[in-house]
Structure formats: C-alpha cells, structure tokens
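The values are calculated or read from the model by the stated rules, or taken from the named source; none is laboratory data. A quick note: this is a predicted structure, and the numbers were derived from the prediction, not measured. Here the Cβ positions follow ideal geometry from the backbone for every residue, glycine too, while neighbour counts run over all protein chains shown. Keep in mind that these areas ignore ligands, DNA and RNA; they rest on the heavy atoms of the full protein, side chains included. Shrake-Rupley method; radii C 1.70, N 1.55, O 1.52, S 1.80 Å.
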Amino acid sequence: MPILRRPAAALAAACALAFAGDAAAVSLMPAPQSMVEHEGVLAIAGRFALAWTGCREPRLDRAAERFQRDLGRLSGIETFAAAGPRLEIACRAADPGALTLQAREAYRLQVSAQGVKIDADGPVGVLRALATLRQLVETGPDGAAALPLIEIDDRPRFAWRGVMIDTARHFMSIESLKRQIDAMEQVKLNVLHLHLSDNEAFRVESRRYPRLHEVAGHGQFYTQAEIADLITYAADRGVRVTPEFDVPGHARAMTLAYPELASNPAGAPAAGAQVLNPASEDTYRFVSRLFDEMAGLFPDAYFHIGGDEVPDEAWAGDPQVEALKAAHNLTTKAQVEAHFHRRIHQALARRGKIVVGWEEVIDTGTLPRDVVVQAWRTSNATARATALGHRTIVSAGYYLDLLNTAAFHYGVDPADTSTAGISPADAQAARKLHPLVARFVTDGVIVQPMAPLTPEQEALVLGGEAPLWAELVSDEMLDSRLWPRAAALAERFWSPRETRDVADMYARLAVQQDRLRRLGLEDEANRARMASRLAPGAWGPLLDLLDLVGPARNMAHDQRVPAAIAGKKIVQHLTAMADAAPVDSLVARAFLARADRAALGDAQARAAVRADFEVWRANHSRIAALAQDHPAVREALPVSADIAEMAAVGVLALDALEAGAPLAPDAAARAKAVLDRADAFEAASAKPIFSFFGKRPPADLIIMVTPGVRRLVEVAGDRGAAP
Ligand code: ACM
C-alpha cells in the first residue's frame, strides 16, 4: 500500500510536511513528475548486482561503474564486494539523438524489497534514473546504506537545461569544468554553454588562426585535445557542450590578435577595437573559416555566435560601413548587425549548424526562423522571440553572477513574459543617476506588462540557462558561485511549473548540496582556502562568520565600476571576504527556518535559536581578536559586531516570548537600530542598476540572518502588545 501519493502539484506540501520532523524523508532535486512511497527500506550491503536488458553501450557501463563508486562516497559503505541487491536496468531503445533536444530522458524507477528496477526510454533516461537513485541513498539506523521503497515516474519539462560559464574573463581549468559537469549530471542539467571569446580573451586553440590563442589567450587556453576530452566527458554524463564565440561585438580579443578585422571609423583598423568590421570581406572570411574549424571541434548541433551589446556608436562614421549601408539599403545599426548575422548564418548552415544568438539578434525581426534566441535582458524578450517564431532559451532572471538568492531565481519561470527586467519607473530614476548608467538603460532592458505566452509560443520555449559571467569569479570560486543555486534552477527547468514551494526547495537544496560535496564539489574546501589566506593559521572564526553573510548583490562588489566612473582602470583581486562568502548561505537559511518555527512557539526551535545566538556572540569575540592582526578581517568587524548585536536583541526577544512579557522599549529600539541598518545595506544593492551607487556595507558583506531575528523581535513585540 502506498503511504504517500505525490503527484507533482502535491509534492511540495508533502515534502514540507515530511521535513518538519523526518530526517530520512525522501529528498529529491529536481522533484520528479510523480512518486509513490511505500513503507520500508531496501538495505544495501555492497555493490549492486546489475542485470541489463535492451540497449547496452560502453557509456552505460561506465555510468554504472560511476554509480557503484558514488554509492560508496554517498553512503560510506565499502562497495568493492558484490553483496548488494539486484539492479535491473531495462533500456527501451538505443538513441541516436541522445545528445540532441530529442534525447530520450524519461524513466521509471522502482525500489521494492526484491531490488531496484529502472525502465528507461533510452540511454540518457538511464543516466537520469541513476542520478535519482543516488539521491535516494540514505543511511539507515544501523549505519548501513538503504533505499526507501518507492515508485517514480519522471521526465523533464524542458529539453534545454543549461548553465553558461564565462571562461574569457577568468580562465576556468578543465578540472574545474569537469567538476561542474559531474554536479550537473546529479541534478539532470544537460547543457554546458561555454563562453569562449570576449573582449578579454580567446580561450581555444585555433590551428587556422593561431594568434587567437597565442596572443589573445594570454597564456591560458584550452588545446583542441582538451576540448575533445571535455566534450567526451560531458557526453558520458548526458551533457551537451555548446560553444559561444561572441561576434561582432565583445570581440576585442579577436582584433587584438588580428587588428585588420576591427572596425575603425578613424581610418586604419586598430588593434583592440571591440567590434568587428561588418563591411569587410576579410571579416566574413575570418569568421567563416574560424567557425568552420570550431564547428568541427564542437559536435553539438547548436553554435552560439553571441550577437549581444554592439555599442550604439560602434560603426558611427566608419566610411566602409557607410558604404555597406548605402549598397544594401541599411539605415540602422541593427540592420547592419542583421546583415552580419545573415552572412554568418549562411556559413554555419552550410556546416549543418543551428545558430544561437543573444536576444539582440532579433532586433530587426528579419533573421531566419531557425535561429535560436537566448532571452537575457527581460522576460519580454521571450514573448518577442517566440512571437516571431524563434525557438528560445531563457536566461532573463537567471544571471548567477548577479549574486541573488536561489529563491529569487527559482521564482522566475521560463514561460513568464513580464517578470525579469528593470521596471519603467526604475529605468527613469536610473537614467538620472549618471550619464554612464543612462547609456545602459535602453528600451531593451525595461520590462513591460505583457500577455502570457500562447500555447504555440510556449511550445517554442526550449528551456532555460543560468549564465555565470566571470568578471568577479575566479577558478577557485566557480563551485561556490554556481552551486547550490544552479541546483534550484535545475529543478525550475526539469520539474513541473507547479513545483514552487520555496521553504521546501531550500530544505531539499541543503540535502542535495551535501550530496554534491560528498561526490566531489569543492565549494567548501575552496572557501576554507580563501579564508586561510586572510588569517593564516587562525581562520576558523572567519568560516563561521561567512556562514551568516553574503556578498553585496548585483554589481555592488565590482570596484571596477566606480573606478571607471572616476576615469580609472583597476585590477580587482578576488581575495576579499566578499569573494569567499557564499551567495545564499544554507547555514543562514537553516537559521531562518528555525527562527520561523521558534516564532510560532516551537520550544525545541527556541532552544536551538538561543544556542545559535550564543555561538554568534562568542564568534564575534574571536573575530575581534583576529582583527587586531589581519586587516581584511578588521574591515569586516562592523558586520560581525552587528551580528553579535542581533544575537543580543534576539536573546531579549526569546526571553520576552518565554516570559509572555512585552519586549522592553529600549530592547525594541536597539533591535530596530541594528535590523534597519542591515536592511538598508541589503536594499542598497538589491537592484542591479542602482547597486553600484548604493551605500556599500563594510567589507561588501550583507547579513543573511536578519529576517529571522526581525521575525522573533516582531513576534515578541506583538505578543507583548497583546492584552
Ligand atoms: C549578456 O549578458 N551580455 C548576454
């Protein structure tokens, strides 16, 4: 008999209930389409005994071997002995489209007292089922591994579920990229979009144009052999690698290597111009031959040509461009771009590739309909692109580099039309801030109310992709800037639209992040490494402080922006407390959940929160001692002091609640002062466009536990006010 029936819509509520007290509750991320739990568990004493039917291929043998290894890492049991239960894998059909949008990813999974059965539509479905099976492994009361008895029926909502990693602004090592692919497999993400060329660098070995990597790689690039190996590694895990070489803008690395490609209104082309010359046949020859080479290196059907952010003045006054416009009857910059993209499209189509471009490529609405559009500035772009008949990948609302919470991103649905973007009122205010800002507040970034997508439009939404631009992300920060937030987005892209309970998401996210760490994610190790630079030999208290804070959001921590506004160019070293801080601390989230329960009167939660407050106060004493010798710690001292003050007023609130007495007016005033200060610092960086003009908090750190303390203080105040 099923003890819990969880069709998709009911899943969230059921999980929330289970999490309130049952540590061994099934915790899956992304949530499956449907699952039915039964009473009891299947013990796992060692390696599973595998029995295959249907398609079997070397990739699946390797996947099964990885699964057996991971079983040991997840559970701690030794898996060299074949003492485990039976695992029957039926793969219904071989899948020539395994690495396409048509991949057969659906699967059914059954754990019974007799063993485990996987019934997958195709090989990728087997990978997805094994990812789910890993998430079911729990430690039983006797310390042995076990699986709950369960039936799962699962398939993705969207076929394109990606992350984009910018390797141009900071080089990301192959080792780090493989670690991200490992994590992607665990949460069923299936596209790694690599941004490989930008103003700052060109990152792939080119045999046709070797100056690209020799000069513009700045000593850090991927050899073709490394790329081929990475693609194979990803393919084994059901992940496609889609390359992006950004043209005609964001192309300074190309013109640094080959100055003759640059547009230059003043006459001779200049090395280091940002934009390619759209009026020169040399440019088209170069781009076609380069893309031809890269199309051979990257087997994915989709080839991303960038197409974003060509500055208004890019070609103004360039006599060659003026002649091009006259010859082809083009009047606007957007029409010149469309002319450029059509030429590139022809070259890639001959190669059998499907062009992907950022949303600006449809500004004229005249590109062939087979171009896939990546919406990034507003949700309106999804509506515009699909109304024109373009298939669309949604990134608006999913920019992980903007340092927003998992809840923020999770709340944006790929099919939304009016959610992400800058409101008209904010745009109007932002334009008055500074002429440099005004330049960026174009109509394209303003979100207007729009009708929902029609079913025909919705069918054109391929899925979503979370970009991580890397101006402020170094190789050692990659794990912590992508995860755990990318796992929440994996759920947004895989699970039913109705799966959207935020508290339940955070509870499962914490469990999943721990699994990713046991399987090799290095966010914690790298955070410790970064903290250890700031206070060698004594950094323990720093880690405890970092658990309660986060980096100021959006662009607030980007010190290059105010420097540029002041006419200076600086190098920002990514060695600060704010760089080491987790973006959306799960320790802080767990505190917020406890504080909520404490506010509702849960005695155990109140005791736990009281203990939290003691720890915060004690840690502040340790931080204060460290600050004497370590300047970076000194900078964060006011933040630590405010957390200690929150602990002090939090204790007073708990005292008042337990005594049933009103919170004393002086305590309420103290609480208001520190909580309002923290909220003001958080609000200062809450919106991208205003973030670098807001009041920066000390050490660029915002306090993540504030709402929980405020909740307790408010309840204590209300309780006191009650008769
Ligand atoms: C972009 O963020 N410029 C696509």
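Which of the residues that make up segment 455-484 are farther than 18 Å from TRP376 by Cα, more than 16 Å from the ligand (Cβ to nearest atom) and among the charged types (D, E, K, R)?
Initial filter on segment 455-484 (farther than 18 Å from TRP376 by Cα): 455-456, 459, 472-481, 483-484.
With more than 16 Å from the ligand (Cβ to nearest atom) added as a condition, the list becomes 455-456, 459, 474-480, 483-484.
Selection gives GLU456, ASP475, GLU476, ASP479.
Could you list, in sequence order, all residues of segment 564-583 that are open to solvent by less than 10 Å² (accessible area, probe 1.4 Å) and either modelled with pLDDT under 95 or within 19 Å of the chain's Cα centre (by Cα) (or both)? Even if it seems obvious, please write down each step before you answer.
Within segment 564-583, the first condition is being open to solvent by less than 10 Å² (accessible area, probe 1.4 Å), and the residues that meet it are 577-581, 583.
Within segment 564-583, ALA578, ASP579, ALA580, ALA581, VAL583 qualify.
Could you tell me which of the residues ALA375, ALA349, ALA327 is within 15 Å of the ligand (Cβ to nearest atom), without any contact (Cβ under 8 Å) to a residue 24 or more places away in the chain and of a type outside the set (Val, Ile, Thr)?
Values: ALA349 fails: within 15 Å of the ligand (Cβ to nearest atom); ALA327 fails: within 15 Å of the ligand (Cβ to nearest atom).
Just a single option satisfies the conditions, and that option is ALA375.
Report yes if LEU230 is modelled with pLDDT of 95 or more, crowded, with 22+ Cβ neighbours inside 10 Å and either more than 16 Å from the ligand (Cβ to nearest atom) or more than 30 Å from GLN102 (Cα to Cα) (or both), otherwise no.
The answer is no for LEU230.
Does GLU337 fit the bill of being farther than 30 Å from LEU230 by Cβ, within 16 Å of the ligand (Cβ to nearest atom) and at pLDDT 95 or above? Before the answer, list the steps.
Numbers: farther than 30 Å from LEU230 by Cβ: yes; within 16 Å of the ligand (Cβ to nearest atom): yes; at pLDDT 95 or above: yes.
Considered against the rule, which asks whether it is farther than 30 Å from LEU230 by Cβ, within 16 Å of the ligand (Cβ to nearest atom) and at pLDDT 95 or above, GLU337 comes out as yes.
Here is a list: THR417, THR382, THR386, THR366. Which entry is crowded, with 18+ Cβ neighbours inside 10 Å, assigned to a loop (DSSP other than H, G, I, E, B) and either modelled with pLDDT of 95 or more or away from the ligand (no atom under 16 Å from the Cβ) (or both)?
Working: THR382 fails: assigned to a loop (DSSP other than H, G, I, E, B); THR386 fails: assigned to a loop (DSSP other than H, G, I, E, B); THR366 fails: crowded, with 18+ Cβ neighbours inside 10 Å.
Every option except THR417 fails the conditions.
Answer yes or no as to whether PRO278 is more than 16 Å from the ligand (Cβ to nearest atom), open to solvent by 30 Å² or more (accessible area, probe 1.4 Å), within 28 Å of ALA375 (Cβ to Cβ) and in contact (Cβ under 8 Å) with a residue 60 or more places away in the chain.
Working: more than 16 Å from the ligand (Cβ to nearest atom): yes; open to solvent by 30 Å² or more (accessible area, probe 1.4 Å): no; within 28 Å of ALA375 (Cβ to Cβ): yes; in contact (Cβ under 8 Å) with a residue 60 or more places away in the chain: yes.
The answer is no for PRO278.
Just checking, how many residues over segment 389-399 are in contact (Cβ under 8 Å) with a residue 60 or more places away in the chain and either within 16 Å of the ligand (Cβ to nearest atom) or open to solvent by less than 10 Å² (accessible area, probe 1.4 Å) (or both)?
Residues that pass the stated criteria total 7.
Would you mind finding the one in VAL355, VAL361 that is within 16 Å of the ligand (Cβ to nearest atom), of a type outside the set (Ser, Thr, Tyr) and in a strand (DSSP E or B)?
Details: VAL361 fails: in a strand (DSSP E or B).
Within the list VAL355, VAL361, the selection yields VAL355.
Looking at (1) charged (D, E, K, R); (2) exposed (fewer than 14 other Cβ atoms within 10 Å of the Cβ); (3) over 23 Å from HIS195 (Cα atoms), can you tell me which one LYS325 breaks?
Of (1) charged (D, E, K, R); (2) exposed (fewer than 14 other Cβ atoms within 10 Å of the Cβ); (3) over 23 Å from HIS195 (Cα atoms), only one is false for LYS325: (2).
Go through segment 178-208 and report how many residues are over 26 Å from GLN102 (Cα atoms), open to solvent by 10 Å² or more (accessible area, probe 1.4 Å), in contact with a helix residue (DSSP H, G or I) (Cβ under 6 Å, 6 or more places away or on another chain) and not polar (S, T, N, Q).
2
Given the structure, is ARG492 over 20 Å from ARG128 (Cα atoms), touching a residue at least 40 places away in the same chain (Cβ under 8 Å) and either touching a Ser or Thr at 6+ places or on another chain (Cβ under 6 Å) or outside any loop (DSSP other than H, G, I, E, B) (or both)? Reasoning before the result, please.
Working: over 20 Å from ARG128 (Cα atoms): no; touching a residue at least 40 places away in the same chain (Cβ under 8 Å): yes; either touching a Ser or Thr at 6+ places or on another chain (Cβ under 6 Å) or outside any loop (DSSP other than H, G, I, E, B) (or both): yes.
It is false that ARG492 is over 20 Å from ARG128 (Cα atoms), touching a residue at least 40 places away in the same chain (Cβ under 8 Å) and either touching a Ser or Thr at 6+ places or on another chain (Cβ under 6 Å) or outside any loop (DSSP other than H, G, I, E, B) (or both).
With respect to the numbered conditions (1) within 16 Å of the ligand (Cβ to nearest atom); (2) within 30 Å of PHE221 (Cβ to Cβ), which one is the sole condition not fulfilled by VAL447?
Tallying (1) within 16 Å of the ligand (Cβ to nearest atom); (2) within 30 Å of PHE221 (Cβ to Cβ), VAL447 fails exactly one: (2).
Would you be able to tell me the number of residues in segment 601-611 that are open to solvent by 30 Å² or more (accessible area, probe 1.4 Å) and part of a helix (DSSP H, G or I)? Show your work before the answer.
The initial filter retains those residues of segment 601-611 that are open to solvent by 30 Å² or more (accessible area, probe 1.4 Å), namely 601-604, 607-608, 610-611.
Checking which are part of a helix (DSSP H, G or I) leaves us with 603-604, 607-608, 610-611.
The total comes to 6.
Out of ASP308, ASP292, report the one residue that is outside any loop (DSSP other than H, G, I, E, B) and touching a residue at least 24 places away in the same chain (Cβ under 8 Å).
Details: ASP308 fails: outside any loop (DSSP other than H, G, I, E, B).
Within the list ASP308, ASP292, the selection yields ASP292.
Give me a count of the residues in segment 308-318 that are away from the ligand (no atom under 16 Å from the Cβ) and exposed (fewer than 11 other Cβ atoms within 10 Å of the Cβ).
Just the residues of segment 308-318 that are away from the ligand (no atom under 16 Å from the Cβ), to begin with: 313, 315-318.
Now narrow it down to the ones that are exposed (fewer than 11 other Cβ atoms within 10 Å of the Cβ): 317.
Count: 1.
Evaluate the following for ALA429: is it more than 13 Å from the ligand (Cβ to nearest atom), small (Gly, Ala, Ser), within 18 Å of LEU468 (Cα to Cα) and not in a loop (DSSP other than H, G, I, E, B)? It would help to see each step written out before you state the result.
Numbers: more than 13 Å from the ligand (Cβ to nearest atom): yes; small (Gly, Ala, Ser): yes; within 18 Å of LEU468 (Cα to Cα): no; not in a loop (DSSP other than H, G, I, E, B): yes.
The answer is no for ALA429.
When you scan segment 161-177, do you find a residue that is β-branched (Val, Ile, Thr), modelled with pLDDT of 95 or more and surrounded by fewer than 20 Cβ atoms within 10 Å (Cβ to Cβ), even just one? First the steps, then the outcome.
Step one: filter segment 161-177 for residues β-branched (Val, Ile, Thr), giving 163, 165, 167, 174.
Narrowing the set further to residues that are modelled with pLDDT of 95 or more leaves 163, 165, 167, 174.
Filter once more, so that each one left must be surrounded by fewer than 20 Cβ atoms within 10 Å (Cβ to Cβ): 174.
Yes, segment 161-177 contains a residue that is β-branched (Val, Ile, Thr), modelled with pLDDT of 95 or more and surrounded by fewer than 20 Cβ atoms within 10 Å (Cβ to Cβ).
In segment 282-294, what residues are surrounded by 19 or more Cβ atoms within 10 Å (Cβ to Cβ) and not polar (S, T, N, Q)? Spell out how you get there, then give the answer.
Let us first name the residues in segment 282-294 that are surrounded by 19 or more Cβ atoms within 10 Å (Cβ to Cβ), namely 283, 286-287, 290-291, 294.
Passing the criteria: PHE286, VAL287, LEU290, PHE291, MET294.
Based on what the data block shows, is GLU260 without any contact (Cβ under 8 Å) to a residue 24 or more places away in the chain and either closer than 28 Å to GLU465 by Cβ or open to solvent by 60 Å² or more (accessible area, probe 1.4 Å) (or both)? Give the derivation first.
Working: without any contact (Cβ under 8 Å) to a residue 24 or more places away in the chain: yes; either closer than 28 Å to GLU465 by Cβ or open to solvent by 60 Å² or more (accessible area, probe 1.4 Å) (or both): yes.
Taking the combined requirement at face value, the residue satisfies it.
Need the failing condition index for ARG169 against (1) on the phi < 0 side of the Ramachandran plot; (2) more than 16 Å from the ligand (Cβ to nearest atom), just the number.
(2)
List, please: which pairs have Cβ atoms under 8 Å, are six or more places apart or on different chains, and start with a residue in segment 42-63 that is β-branched (Val, Ile, Thr) and end with one that is part of a strand (DSSP E or B)?
Short answer, once both residue conditions are applied: ILE44/ALA145; ILE44/ALA146; ILE44/LEU147; THR53/GLU88; THR53/ILE89; THR53/ALA90; THR53/CYS91.
Out of curiosity, is HIS250 within 16 Å of the ligand (Cβ to nearest atom) and modelled with pLDDT of 95 or more? Spell out the reasoning first.
Numbers: within 16 Å of the ligand (Cβ to nearest atom): yes; modelled with pLDDT of 95 or more: yes.
It is true that HIS250 is within 16 Å of the ligand (Cβ to nearest atom) and modelled with pLDDT of 95 or more.
Looking at segment 594-622, I want the residues that are touching a residue at least 60 places away in the same chain (Cβ under 8 Å) and have a partner that is among the charged types (D, E, K, R) and open to solvent by less than 70 Å² (accessible area, probe 1.4 Å) with Cβ atoms under 6 Å, at least 6 apart or on another chain. Which pairs are those?
Pairs found: ALA598/ARG606; VAL609/ARG594; ASN619/ASP544.
Within segment 106-121, which residues are open to solvent by less than 10 Å² (accessible area, probe 1.4 Å) and at negative phi? Talk me through it step by step, then tell me what you get.
Residues of segment 106-121 open to solvent by less than 10 Å² (accessible area, probe 1.4 Å): 107, 109, 111, 115-116, 118, 120.
Once the filter is applied, which keeps residues that are open to solvent by less than 10 Å² (accessible area, probe 1.4 Å) and at negative phi, segment 106-121 yields TYR107, LEU109, VAL111, VAL116, ILE118, ALA120.
Do we have any residue at all in segment 525-532 that's under 19 Å from the mean Cα position of the chain (by Cα) and open to solvent by less than 10 Å² (accessible area, probe 1.4 Å)? If you could, list the steps in order and put the result at the bottom.
Pass one, segment 525-532, residues under 19 Å from the mean Cα position of the chain (by Cα): 526-527.
Retained after the next criterion (residues that are open to solvent by less than 10 Å² (accessible area, probe 1.4 Å)): 526.
Yes, that holds for at least one residue.
Every residue in segment 400-411 that is within 16 Å of the ligand (Cβ to nearest atom) and either touching an Asp or Glu at 6+ places or on another chain (Cβ under 9 Å) or open to solvent by less than 30 Å² (accessible area, probe 1.4 Å) (or both), please. Before you say what the answer is, go through the steps one by one.
Of all residues in segment 400-411, those within 16 Å of the ligand (Cβ to nearest atom) come to 400-404, 409.
LEU400, ASP401, LEU403, ASN404, HIS409, listed by residue number.
Residue by residue through segment 425-441, note down the ones that are modelled with pLDDT of 90 or more, loosely packed, with under 15 Cβ neighbours inside 10 Å and of a type in the set (D, E, K, R).
Residue satisfying the conditions is LYS432 alone.
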